[in-house]
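Have a look at the structure below, then the notes.
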Amino acid sequence: MNEAELLGPRAHGEACGTAVLKAVAEDFQVDEVLDIPLSGQGEHLWLWVEKRGLNTEEAARRLARAAGVSQRHISYAGLKDRQALTRQWFSLHLPGKADPDLGAATGPELSILRSARHSRKLQRGAHAANGFTLRLTALEADRAALEQRLQAIRAEGVPNYFGLQRFGHAGGNIVEALHFAAESVLPEQRNRRSRLLSAARSLIFNRVLAARVAEGSWNHAQAGDLLAFTDSRSFFMAGEAETHDPRLAALDLHPTGPLWGEGPSPAAGATHLLEQRLAGEQAALAGWLGMAGMAHERRILRLPIADLSWHYPEPDVLQLAFVLPAGCFATVVVRELVDLLPAEQTDTPCEF
């Protein structure tokens, strides 16, 4: 499956040019934003970890081995890319144990920046946001067009697509999910099951969002929409009055799309009809999600970009900084700016 099948149309027009992202790990930096005060005592050891060239699960395995505990005693808030420089929290459950020597886990790819005890483990999705610093190198684009596009993105946000990472190489997670759906079974391994169910949900959401972008309704509410605030998982029905709520214009409140589950879409009106039709086009996956007992949830269609800033440290380098809500993809922001080229098509050395 290609990008057009997995994502959808851009909202702000064609790309302004081309660039490379992730030529080196430092070109893609991520910092978890976690607003949890640590008590300094308890049976959970929390670690602020910097990693490069490792995904989150690999880092968790290293920490578990060094601490001499099962990996099930390692928790983290969210998954972070391998091809990046990321800083994120982990927690180790160590009841009745002293802080272990974690030196065996550290090295060029992983360092522990801070540690503290706490009474509770780190829960999935506990981080409020992620801060990004991205460098687009080998940039070939009209700077005036980029400036105009960046201003538009700051003012209007971008479509909140799930990024290509969610679907695996060439959409392999969807191919795998369709195989299990055809057999009406679920993978036995928990991590694999979670990955494939998430990919199936993400595809249906992206198809709905793509249709809303195409019709120009992704960034405003219509009667029958289910609305949600940026950082909330709850939602409420939009009547005619709610479609004029000033919080929509302020990018605090947004229309949502489906994270598909058992039963019909909970939206109403034209939104309900659209979501039912597009889920029907993915009937195998939609039925499989229902069979798995997934409950309907919602995700905002519009992604607001907080604290967006940019500059050009070199003539062919654009550096961006911004903050996104947890679970959102920096690559969909970049996609509204430029087409990305593989690093190997340039003279920039690649470390991966």
Residues being open to solvent by less than 20 Å² (accessible area, probe 1.4 Å), not in a loop (DSSP other than H, G, I, E, B) and not small (Gly, Ala, Ser) - total across segment 238-267
6
If Arg212 satisfies every condition in (1) under 18 Å from the mean Cα position of the chain (by Cα); (2) among the charged types (D, E, K, R); (3) buried (at least 21 other Cβ atoms within 10 Å of the Cβ) but one, which is the exception?
(1)
Residues located in segment 296-315, provided they are outside any strand (DSSP E or B) and more than 27 Å from Gly157 (Cβ to Cβ)
Pro315
Out of everything in segment 1-14 that is open to solvent by 30 Å² or more (accessible area, probe 1.4 Å) and among the aliphatic types (A, V, I, L, M), what residue ends up being farthest from Gly172 (Cα to Cα)?
Ala11
Residue by residue through segment 167-190, note down the ones that are under 21 Å from the mean Cα position of the chain (by Cα) and open to solvent by less than 70 Å² (accessible area, probe 1.4 Å).
Phe167, Gly168, Ala170, Gly171, Gly172, Asn173, Ile174, Glu176, Ala177
Residue pairs, Cβ under 9 Å, 6 or more apart or interchain, first in segment 286-301 and free of Cβ contacts under 8 Å to residues at least 40 places away in the same chain, second open to solvent by less than 20 Å² (accessible area, probe 1.4 Å) and not in a loop (DSSP other than H, G, I, E, B). List them.
His296/Pro258
Segment 122-141, residues that are open to solvent by 70 Å² or more (accessible area, probe 1.4 Å) and modelled with pLDDT under 95:
Gln123, Arg124
Residues located in segment 280-300, provided they are of a type outside the set (Asp, Glu) and over 18 Å from Ser198 (Cβ atoms):
Gly280, Ala283
Go through segment 29-61 and give me each residue that's touching a strand residue (DSSP E or B) at 6+ places or on another chain (Cβ under 6 Å) and open to solvent by 60 Å² or more (accessible area, probe 1.4 Å).
Ser39, Gln41, Arg52
Determine the pairs where a residue that is hydroxyl-bearing (Ser, Thr, Tyr), located within segment 142-169, has a partner that is assigned to a loop (DSSP other than H, G, I, E, B) with Cβ atoms under 6 Å apart, the partner being 6 or more residues away or on another chain.
Tyr161/Leu7
State all residues of segment 298-326 that are of a type in the set (D, E, K, R) and within 21 Å of Ala25 (Cα to Cα); if no residue qualifies, say none.
Glu314, Asp316
When you go through Ala270, Ala199 one by one, which is the residue that is within 27 Å of Arg82 (Cα to Cα) and either at pLDDT 95 or above or in a helix (DSSP H, G or I) (or both)?
Ala199
Answer yes or no: is there a residue in segment 88-106 that is in contact (Cβ under 8 Å) with a residue 60 or more places away in the chain and open to solvent by 40 Å² or more (accessible area, probe 1.4 Å).
no
Just to be sure before I move on: is Arg195 charged (D, E, K, R) and either open to solvent by less than 20 Å² (accessible area, probe 1.4 Å) or in the same structural domain as His73 (by the TED database) (or both) in the structure I sent?
no
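The values are calculated or read from the model by the stated rules, or taken from the named source; none is laboratory data. Note that the structure is a prediction, hence the values are computed from the model and not measured. We place every Cβ from the backbone using ideal geometry, glycine too, and count neighbours over all the protein chains shown. Heavy atoms of the whole protein, side chains included, go into the accessibility calculation; ligands, DNA and RNA do not. Shrake-Rupley method; radii C 1.70, N 1.55, O 1.52, S 1.80 Å.
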